[in-house]
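The values are calculated or read from the model by the stated rules, or taken from the named source; none is laboratory data. Not measured: the values here are computed from a predicted model. Glycine also receives a Cβ, built like all others from the backbone with ideal geometry; neighbour counts cover every protein chain displayed.
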Amino acid sequence: MDELRYRVDLLNAMNQRLTNDEKMYRLICDTSSNAFLYVNFIENEVRTLANWDFFFPDIEIRYIKDMAKLYSQVEDKYVLPLRDLLFLEKTEMNAGSGIIKLKDGRTWVECESAILYDEEGNATDKVIRFKDISKFKNQNDELTYMAYYDILTGLYNRNYFVRLLADFVRNAEEQNAVVAVMFVDIDDFRKINDGLGIIVGDEVVQQLGQFLSGFQGEHVLVSHFNADIYCIAIYEPTGNRSVGSVYKSIHERIKKPFLLSTGQELTLTVSVGVAEYPEAAKTTLELINCAEIVMFKAKKQGKDSIQYFDAPILNEFLQNISIENKLKEAVFSQNFVMNFQPQYYVKDKKLRGMEALIRWRDNDGRMISPAVFIPIAEKNGTIVPIGTWVLEESIKTFSEWKKKFDYSFILSLNISAIQYMRDEFVDNILGIIKKYNVNPRELELEITESVLIENFKEMTEKMCILRDYGIRISLDDFGTGYSSLSYLKGLPIDTLKVDKSFIDTTIADENTRIITESIIFMAKRLGFETVAEGVESNEQYNYLKDIGCDCIQGYLLGKPMSKEDCEQLLMKQV
Ligand code: C2E
Ligand code: CA
Ligand code: CA
């Protein structure tokens, strides 16, 4: 009896334990966002648990044969993987996992199974867990998309384009084919962005991108590089995918207005640079670089055009690179000298001043014109040490002359915008003036008009500070930039230098004469002194005298000369 009592107690205890376990499992199931499918092979029984209805609402599964109902719930291409997962053979069954997509087109499900076996190795029980991973999967897809495509236009992004272009180049190498790279840049895009706002700017980029995507194909890659720049690569550019034909289509499209969501209509122009493998370059990045270089050339030559990277451009480019390298050495070894060109008053031909002009003889003994190397120095930054050297060297020479010759005249110095914009510029020049003890009223800084316009506020503020110290400011090359007389009013300048291009044509061209006369007249009214540059003939001199120009500079009265030759000249003046 005791024995029976003991067994009943034991059974009760076990039952209690079982109910507790079941409660625990039920709780776990209820709070799980997953769904479970439990298969009991022995009893041929199937149970669906936890969040089943979320994944498969209305699908009731009670027996093993019902499980086939699930095939209709997934996208076609996932039926086979799902069947593998549900795999119902009792032997050689393996646990596994996989990802399927439901018919709703949105829901991604990760399935994972676990199996119990009997002593003979037959499966007795199996559990399959279904987990919703849509959020992760969609994010992942987006990341994958962003790795290859540009969000704004849907075109290839720069990185992926470069990879695909590398494939083109590799194939072209094997097959002796040509690959053309077209660098397409919208003209005056900044004006669109600044004037109409970046949303409109984006819209324009998107619409043009959409049009360009029409060229995309097996042999044509279209990408959005950034901002307003697209790059197109064409494998074997012939027929309707020749560069000329693609350019023509683009040109025709952009002449027609783009309709914006603001209701505005906008037409565009683009500048296009083209470089071809193998003629222009042999590697992917060089090809893109060359196409970009000629795109800038197209911009410089008035925009709305196409430029090809050809032999003369390649030579110019190589020459610039060699100048660039030599320039860095020259800065180090200070391989420069200063020349000075006299300026004279028109009325009595007395010396007004000297303009300091830099000269560079490279290591091979060649003279390289400042018109060539100054722009390169401005680009690579060497203009800063060069500019400082020019200031120091010229002002030092000037102070020596002032000690030797009792003659009042002006030293004019060309200042590059890069140099002028630097914070330390004013302190720098004041320091040199102090060091050589020269009179700031006898120093004149020449600044070009185009530079002034680009950074108007900052430039004029600095000009005012310099003028407060007595330094003169001269507007160089006047007439080559915006040529607007109206903005001259109120400019903090003392002198206006009429560009040589006017003087060159005054005699022959009546229109130029009219403009030159207006410039001189206006400048006088505004109280500026006028200097005509590049005066080569007596005829020009007489004409300038007639129209009331104050000073002249040019080969007629004096070429740029060495420091020693200048001293001879100064000797005569005294
Ligand atoms: P720029 O300031 O307009 O200088 C005048 C240029 O015209 C000089 O050329 C001068 O030699 C030349 N020239 C003067 N009179 C005549 C003439 O009657 N006929 C002809 N055909 N040419 C004449 P250069 O010395 O080759 O200088 C070219 C430009 O390089 C200068 O133009 C200036 O913008 C820049 N530059 C020269 N030296 C410096 C410098 O030290 N610093 C900076 N930042 N730029 C400089
Ligand atoms: Ca000058
Ligand atoms: Ca000039």
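Here are some notes:
- Of all residues in the range 250-262, none are assigned to a helix (DSSP H, G or I), modelled with pLDDT under 95 and either farther than 17 Å from Ser305 by Cα or not assigned by TED's automatic domain parsing to the domain that holds Phe161 (or both).
- Residue that is nearest to ligand 1 (Cβ to nearest atom), among those in the range 522-540 that are farther than 12 Å from Asp550 by Cα and either out of contact with any helix residue (DSSP H, G or I) (no Cβ under 7 Å at 6 or more places or on another chain) or aromatic (Phe, Trp, Tyr) (or both): Glu536
- Residue in the range 480-498 that is within 16 Å of ligand 1 (Cβ to nearest atom), farther than 22 Å from Leu351 by Cα, assigned by TED's automatic domain parsing to the domain that holds Ser537 and buried (at least 18 other Cβ atoms within 10 Å of the Cβ) present: no
- Restricting the first member to the range 344-366 and to residues that are farther than 14 Å from Lys563 by Cα, and the second to residues that are surrounded by fewer than 15 Cβ atoms within 10 Å (Cβ to Cβ) and modelled with pLDDT under 95, the beta-carbon pairs closer than 6 Å and six or more apart or on different chains are Leu351/Gln573; Arg361/Met367.
- Yes/no for Asp194 being closer than 23 Å to Ala298 by Cβ and in contact with an Asp or Glu (Cβ under 7 Å, 6 or more places away or on another chain): no
- Subset of the range 315-333 that is of a type in the set (S, T, N, Q) and more than 15 Å from Asp364 (Cβ to Cβ) - its residue that is surrounded by the most Cβ atoms within 10 Å (Cβ to Cβ): Asn320
- Options Ile507, Ile547, Ile515, Ile503: the member that is touching a residue at least 12 places away in the same chain (Cβ under 8 Å) and within 16 Å of ligand 3 (Cβ to nearest atom): Ile503
- Selection count, the range 174-192, where residues are part of a helix (DSSP H, G or I) and farther than 22 Å from Ser305 by Cβ: 2
- Candidates Val270, Val346, Val337 - the one that is at pLDDT 90 or above, under 23 Å from Cys231 (Cβ atoms) and surrounded by 12 or more Cβ atoms within 10 Å (Cβ to Cβ): Val270
- Total residues in the range 217-226 satisfying the condition of being surrounded by 15 or more Cβ atoms within 10 Å (Cβ to Cβ) and without any contact (Cβ under 8 Å) to a residue 40 or more places away in the chain: the figure is 2.
- Restricted to the range 67-85, and to residues there that are hydrophobic (A, V, I, L, M, F, W, C) and either touching a Gly at 6+ places or on another chain (Cβ under 8 Å) or assigned to a helix (DSSP H, G or I) (or both), the residue that is nearest to Ile128 (Cα to Cα) is Leu85.
- Taken across the range 174-183, residues that are touching a Lys or Arg at 6+ places or on another chain (Cβ under 9 Å), of a type in the set (Phe, Trp, Tyr) and either surrounded by fewer than 18 Cβ atoms within 10 Å (Cβ to Cβ) or touching a residue at least 60 places away in the same chain (Cβ under 8 Å) (or both) do not occur at all.
- Segments classed as strands (runs of 3 or more DSSP E), wholly inside the range 351-454, with at least 3 members that are more than 16 Å from ligand 3 (Cβ to nearest atom): 351-361
Conditions (1) surrounded by fewer than 18 Cβ atoms within 10 Å (Cβ to Cβ); (2) modelled with pLDDT of 85 or more; (3) within 19 Å of Ala50 (Cα to Cα), marked per residue:
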position: Pro81; (1), (2), (3): yes, no, no
position: Asp84; (1), (2), (3): yes, no, no
position: Arg106; (1), (2), (3): yes, yes, no
position: Val109; (1), (2), (3): no, yes, yes
position: Leu116; (1), (2), (3): yes, yes, no
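- Test: residue in the range 383-390 that is near ligand 1 (Cβ under 9 Å from one of its atoms), within 28 Å of the chain's Cα centre (by Cα), crowded, with 17+ Cβ neighbours inside 10 Å and more than 23 Å from Met459 (Cα to Cα): no
- Residue within the range 291-305 that is more than 16 Å from ligand 1 (Cβ to nearest atom), within 34 Å of the chain's Cα centre (by Cα), among the β-branched types (Val, Ile, Thr) and in a helix (DSSP H, G or I) present: yes
Table: residues versus (1) within 16 Å of ligand 1 (Cβ to nearest atom); (2) modelled with pLDDT of 95 or more; (3) surrounded by 17 or more Cβ atoms within 10 Å (Cβ to Cβ).
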position: Ile429; (1), (2), (3): yes, yes, yes
position: Asn437; (1), (2), (3): no, yes, no
position: Val451; (1), (2), (3): yes, no, yes
position: Met459; (1), (2), (3): yes, no, yes
position: Cys464; (1), (2), (3): no, yes, no
position: Ile473; (1), (2), (3): yes, yes, yes
position: Asp476; (1), (2), (3): yes, no, yes
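- Take the conditions (1) over 21 Å from Gln301 (Cβ atoms); (2) assigned to a loop (DSSP other than H, G, I, E, B); Leu268 misses just one of them, which is (1).
- Meets criteria (in contact (Cβ under 8 Å) with a residue 12 or more places away in the chain and more than 14 Å from ligand 3 (Cβ to nearest atom)) for Phe478: no
- Residue within the range 159-173 that is in contact (Cβ under 8 Å) with a residue 40 or more places away in the chain and outside any helix (DSSP H, G or I) present: no
- Within the range 112-119, not a single residue is touching a residue at least 24 places away in the same chain (Cβ under 8 Å), among the acidic types (Asp, Glu) and part of a strand (DSSP E or B).
- Leu70 being modelled with pLDDT under 85 and crowded, with 18+ Cβ neighbours inside 10 Å: no
- Output for the range 481-500, where each listed residue is of a type in the set (Lys, Arg) and within 11 Å of ligand 3 (Cβ to nearest atom): Lys497, Lys500
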